[in-house]
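Student: Supplied in structure tokens, the structure appears directly below.
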Amino acid sequence: MEPVLSSAAAPPQYNSQSIINTAEETLQTSGVNAAQTVYKSALLDWVDDVTMGDTVDKESVRGEVANLWLAYANLNRSSNLFKSATEVYEQAINCPVSGDVGKVWLEYTRFLEERGRPRTAQKLYLRALVGEQDGAGPSVKDVADQTLLWNEFLRMMQSLRNDPDLTLADLKSAVERERGAQIDSTTSTTLQSEGINTAADSSTINNDTAPRPAKRSRWDKKIPEQTETLNAGSIETAASVLLATSKNMPPEIETLWHARDGGSLPSKPEPVLFSASPPKLGDPSGKDLVGIDTALKLLQMLTAKTHDGKCLGSALLELCHACWMMTALKEEEAVKAAEALEKKIANDTEALETSLAARASVAGGALAAVQHANEQERNQFIMQCTVQREQLLAFSAWEFRKLLYTQQIILTSAKLPHFVGPTVDSASITAQSKVCSILHSAFYLRARVGEENHVKMLTKQLESLEQLSSASSQLQMQQQQQQQQQQQ
């Protein structure tokens, strides 16, 4: 591991080594999730201090912020959390404070090489050194950093091509020609014309034969566009677009979840918006569950019609059905991941016990010592299994939190009651879950009895509820008048 960057002029409160030491101590005492929180909290605070205030100079802390990003990524790498490490690197190169630090790009490209993804690494080198084809300049502007990246880029291409005679001038010439032509979004065509094989052998580049979509930065705070019109034909497209654009929660939402967790492991949001089976409602209007006012609004939305007589409620229920499908798919993924882990642990346990038994069988007079060593190795293995299970549970919890965030955005765009954007508040989520229970029952029932019969039933419920609401309002007015008379 190369030494981290230094920022001699950084204010004393922005000491990356102090945060790194705290994270390492936390890792030993509380586990990887708590150590991740140390880095996340510091990075959020430091970046916000620079970007949202006017008292901290960016140049004085950029190196310290880069140090934290790299240490945070290394924590995930050493814990075999490679997907999380990739996400951290992506956040680092998009960070408004340290995204132009050459060392950050260098560590990311080396990581991609180690993971068998040289084509993605090549694209990062080009983005850092020559910029995007939309006219933006290179992401890394420091001359010394550029020199370092060019040399590493050359080394990688020499290794891929198995051509140590490839020169830096040849590589730069190929890149410049590709940049000038702007024919393709990758440099494969020009580099190959210069004798550089960018595709490489399939045995050399694993799982990286096609361009991967760029991840959204956590620092990009654009809110997914809301759907202006709602129709059944656009539901699937809208849901998939919103799901893709909100894979990563904004840092402020993630911070609120960390605050809810405290020092405990993260858990799935409860209650879920959509359960596996449709709920049993004693009253189809849902007034017993959400109250008269909310039930009235839902019934009005479900029975509303367009100018040509089509039912808008069907489109709304299709949207809710899509959200339910998202939950079902996520539940299936979680179950499969848990089963795969338990199968792996069972196989590893069997292999370990076989190895330990073989070791003990040839121990001879040192049997007691070997048995003691075996017991220590067995206990260490059990601890590792516990950590793996906790990591999977934590990962699954965050996946369901991202799903909740996505569903809240989708249902807010439909203007459903109690949905006013993403939230982690328990009371708000409970209220949202009750609304979704009514809609879940509605789309299940509509599929059973048909749209026409279902709308007729809901229309009668709406009329009854409007009469009840009117009577309730009159009673409240009478009570208020009586109170005023008594006060007089």
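Student: Restricting the search to the stretch 273-296, which residues are under 23 Å from residue 467 (Cα atoms) and either open to solvent by 90 Å² or more (accessible area, probe 1.4 Å) or of a type in the set (Ser, Thr, Tyr) (or both)? If you could, list the steps in order and put the result at the bottom.
Tutor: Here is the first cut: in the stretch 273-296, the ones under 23 Å from residue 467 (Cα atoms) are 281-296.
Correct list: 285, 288, 293, 294.
Student: Ok, one more. Give 419, 400 a once-over and let me know the one that is modelled with pLDDT of 90 or more and touching a Lys or Arg at 6+ places or on another chain (Cβ under 8 Å).
Tutor: Numbers: 419 fails: touching a Lys or Arg at 6+ places or on another chain (Cβ under 8 Å).
Step by step, each of 419, 400 is checked, and only 400 is modelled with pLDDT of 90 or more and touching a Lys or Arg at 6+ places or on another chain (Cβ under 8 Å).
Student: How about the stretch 115-129: which of its residues are under 23 Å from the mean Cα position of the chain (by Cα), without any contact (Cβ under 8 Å) to a residue 40 or more places away in the chain and not in a loop (DSSP other than H, G, I, E, B)?
Tutor: Listed by number, the residues that qualify are 121, 124.
Student: Hey, any hits in the stretch 402-412 for a residue that's over 18 Å from residue 433 (Cβ atoms) and hydroxyl-bearing (Ser, Thr, Tyr)?
Tutor: From the stretch 402-412, those over 18 Å from residue 433 (Cβ atoms) are none; that's our starting set.
The answer is no; no qualifying residue exists.
Student: Would you tally the residues in the stretch 432-459 being closer than 14 Å to residue 272 by Cα and buried (at least 23 other Cβ atoms within 10 Å of the Cβ)?
Tutor: Step one: filter the stretch 432-459 for residues closer than 14 Å to residue 272 by Cα, giving 432-440.
Narrowing further to those that are buried (at least 23 other Cβ atoms within 10 Å of the Cβ): 432, 435-436, 438-440.
Within the stretch 432-459, residues that are closer than 14 Å to residue 272 by Cα and buried (at least 23 other Cβ atoms within 10 Å of the Cβ) number 6.
Student: Need the failing condition index for residue 35 against (1) at pLDDT 90 or above; (2) touching a Leu at 6+ places or on another chain (Cβ under 8 Å); (3) open to solvent by less than 10 Å² (accessible area, probe 1.4 Å), just the number.
Tutor: Status for residue 35: all satisfied but (1).
Student: Additional query: Can you pull out the residues in the stretch 386-401 that are more than 15 Å from residue 337 (Cβ to Cβ) and open to solvent by less than 60 Å² (accessible area, probe 1.4 Å)?
Tutor: 401
Student: Let me ask something additional. Contact list please: Cβ distance under 9 Å, first residue in the stretch 258-280 and closer than 25 Å to residue 37 by Cβ and of a type in the set (Asp, Glu), second residue in a loop (DSSP other than H, G, I, E, B) and open to solvent by 50 Å² or more (accessible area, probe 1.4 Å), pairs at least six apart or on different chains.
Tutor: Final answer for the pair search is 261/267.
Student: Right, here's the next one. Scan the stretch 95-150 for residues that are more than 16 Å from residue 82 (Cβ to Cβ) and of a type in the set (Lys, Arg) and jot them down.
Tutor: Scanning the stretch 95-150 gives 103, 119, 123, 127, 141.
Student: Being in a loop (DSSP other than H, G, I, E, B) and out of contact with any helix residue (DSSP H, G or I) (no Cβ under 7 Å at 6 or more places or on another chain) is the filter; apply it to the stretch 277-303 and report the residue that is modelled with the highest pLDDT. Let's see the steps before the verdict.
Tutor: Filtering the stretch 277-303 down to residues in a loop (DSSP other than H, G, I, E, B) leaves 277-286, 291.
This time we only want the ones that are out of contact with any helix residue (DSSP H, G or I) (no Cβ under 7 Å at 6 or more places or on another chain), so: 277, 280, 283, 291.
Details: 277: 84, 280: 82, 283: 79, 291: 88.
Top of the filtered list is 291.
Student: So in the stretch 85-104, with the set limited to residues that are of a type in the set (Gly, Ala, Ser) and assigned to a helix (DSSP H, G or I), which one is surrounded by the fewest Cβ atoms within 10 Å (Cβ to Cβ)? Before you say what the answer is, go through the steps one by one.
Tutor: First pass over the stretch 85-104, keeping only residues of a type in the set (Gly, Ala, Ser): 85, 92, 98-99, 102.
Those left that are additionally assigned to a helix (DSSP H, G or I): 85, 92, 102.
Values: 85: 21, 92: 26, 102: 23.
Applying the filter and picking the extreme gives 85.
Student: Can you name the residue in the stretch 403-416 that is of a type in the set (A, V, I, L, M) and modelled with pLDDT of 90 or more and is also farthest from residue 282 (Cα to Cα) among such residues? If you could, list the steps in order and put the result at the bottom.
Tutor: So the first thing to find is which residues in the stretch 403-416 are of a type in the set (A, V, I, L, M), and the list is 403-404, 409-411, 414, 416.
Now drop any that are not modelled with pLDDT of 90 or more, which leaves 403-404, 411, 416.
Working: 403: 29, 404: 27, 411: 25, 416: 22 Å.
Looking at residues that are of a type in the set (A, V, I, L, M) and modelled with pLDDT of 90 or more, I get 403.
Student: Right, something else. Evaluate the following for residue 468: is it of a type outside the set (Phe, Trp, Tyr) and at pLDDT 85 or above? Step through it out loud before you land on a result.
Tutor: Working: of a type outside the set (Phe, Trp, Tyr): yes; at pLDDT 85 or above: no.
For residue 468, the condition - of a type outside the set (Phe, Trp, Tyr) and at pLDDT 85 or above - is not met.
Student: Inside the stretch 339-380, can you point out the residues that are open to solvent by less than 40 Å² (accessible area, probe 1.4 Å) and within 29 Å of residue 394 (Cβ to Cβ)?
Tutor: Of everything in the stretch 339-380, those that are open to solvent by less than 40 Å² (accessible area, probe 1.4 Å) and within 29 Å of residue 394 (Cβ to Cβ) turn out to be 341, 345, 352.
Student: Continuing with the same structure: Before we move on, is residue 471 within 26 Å of residue 325 (Cα to Cα), surrounded by fewer than 11 Cβ atoms within 10 Å (Cβ to Cβ) and without any contact (Cβ under 8 Å) to a residue 60 or more places away in the chain? Spell out the reasoning first.
Tutor: Values: within 26 Å of residue 325 (Cα to Cα): no; surrounded by fewer than 11 Cβ atoms within 10 Å (Cβ to Cβ): yes; without any contact (Cβ under 8 Å) to a residue 60 or more places away in the chain: yes.
In short, no.
Student: Right, something else. Go through 107, 59 for me and flag whichever is modelled with pLDDT of 90 or more and either surrounded by fewer than 22 Cβ atoms within 10 Å (Cβ to Cβ) or under 20 Å from residue 149 (Cα atoms) (or both). I'd like the intermediate steps shown before the answer.
Tutor: Working: 59 fails: modelled with pLDDT of 90 or more.
Step by step, each of 107, 59 is checked, and only 107 is modelled with pLDDT of 90 or more and either surrounded by fewer than 22 Cβ atoms within 10 Å (Cβ to Cβ) or under 20 Å from residue 149 (Cα atoms) (or both).
Student: Modelled with pLDDT under 85 and of a type in the set (Ser, Thr, Tyr): which single residue out of 306, 255 fits that description?
Tutor: Details: 255 fails: modelled with pLDDT under 85.
Answer to the check: 306.
Student: Out of everything in the stretch 157-182 that is part of a helix (DSSP H, G or I) and open to solvent by 90 Å² or more (accessible area, probe 1.4 Å), what residue ends up being modelled with the highest pLDDT? Please lay out each step first, then the result.
Tutor: First, the residues of the stretch 157-182 that are part of a helix (DSSP H, G or I): 157-161, 168-181.
Narrowing the set further to residues that are open to solvent by 90 Å² or more (accessible area, probe 1.4 Å) leaves 161, 176-177.
On the way: 161: 83, 176: 80, 177: 75.
This residue is 161.
The values are calculated or read from the model by the stated rules, or taken from the named source; none is laboratory data. Computed from a predicted structure; not experimentally measured. When we count neighbours, we look across all protein chains shown, and the Cβ atoms used for this are built from the backbone with ideal geometry, even at glycine. Just the protein is used for accessible areas: all its heavy atoms, side chains included, with ligands, DNA and RNA removed. Shrake-Rupley method; radii C 1.70, N 1.55, O 1.52, S 1.80 Å.
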